[in-house]
1. Once the piece of chain linking residue 144 and residue 64 is laid out straight, how much longer is it, given 0.36 nm per residue of separation minus the C-alpha distance between them?
2. Give, in nm to one decimal, the length gained when the segment between residue 77 and residue 45 is fully stretched (0.36 nm per residue of separation minus the Cα-Cα distance).
3. Return the label of the correct value of Rg and Dmax of the Cα atoms in Å, as calculated from the structure shown, out of (i) 19.0, 75; (ii) 17.9, 59; (iii) 18.7, 65.
4. Give the residues of region 8-22 whose amide nitrogen is closer than 14 Å to a point set 7 Å from the Cα of residue 135 in the direction of its Cβ.
5. Have a look at 84, 176, 51 and tell me which one the Gaussian network model of the chain (Cα, springs below 10 Å) gives the largest fluctuation.
6. Percent relative contact order of the chain, based on C-alpha pairs within less than 8 angstrom and at least six residues apart?
7. Going by average Cβ neighbours within 10 Å, how do the peptides 178-185, 126-133 rank, with the highest at the top?
8. So, by mean Cβ neighbours within 10 angstrom, what's the order for 59-67, 42-50, 137-145 with the highest one leading?
């Protein structure tokens, strides 16, 4: 199957371009710009994340000592079912579960709603981009899967300030309407360079 066909059939629409750019050697700043724009396009088109606020409420209740972990996880499953079990809702559920575990370990003391939204963005990057396309990048872009994982951690770490900014914007725009990615940090691509890029990128 030609490379472009693989991305068409295996990657969500909003994520194909950034996946190809990573394979071609794009740097951390450029990937961060493209990935966060893909996140916001995904949320706008979906109308936000169904069930996210309910799941944040479950996390807050657990943090206040009102629930055990099994009880909280059960409530998260119920919230996901009530919200329709969409792909984004399942990502939100995993994010909320991981924040509950972090609270239990003493790794997080406050600002739980913000933490869930940040973790949601990180989980969405994994499920829609890194996890799906990683096999395409080894050994072309990265010699081993460990190298690919190490690069992914660097990429996510470099995006952290803007992931936090995007989480704040998600709170202000829960329906996705009016949601935009934080300002880019990589230079805009020149038109002269784009002329030599394959069509459909």
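1. On the way: separation 80, 0.36 × 80 = 28.80 nm, distance 4.31 nm.
Stretched fully, the residue 144-residue 64 segment lengthens by 24.5 nm.
2. Using 0.36 nm per residue and subtracting the Cα-Cα distance, I get 9.1 nm.
3. The listed entry that was calculated here is (ii).
4. Hits in region 8-22 for residue 135 at 14 Å: 9-11.
5. 84
6. For the chain, the relative contact order is 32 percent.
7. Ranked by mean Cβ neighbours within 10 Å, highest first: 126-133, 178-185.
8. Top of the packing list down: 42-50, 59-67, 137-145.
Where a number appears in this text, it was derived from the coordinates with a stated rule and is not lab data. What you see is a predicted model, and the numbers here were worked out from it, not measured in a lab. Reconstructed Cβ throughout: ideal geometry from the backbone, glycine too, with neighbour counts over all protein chains shown.
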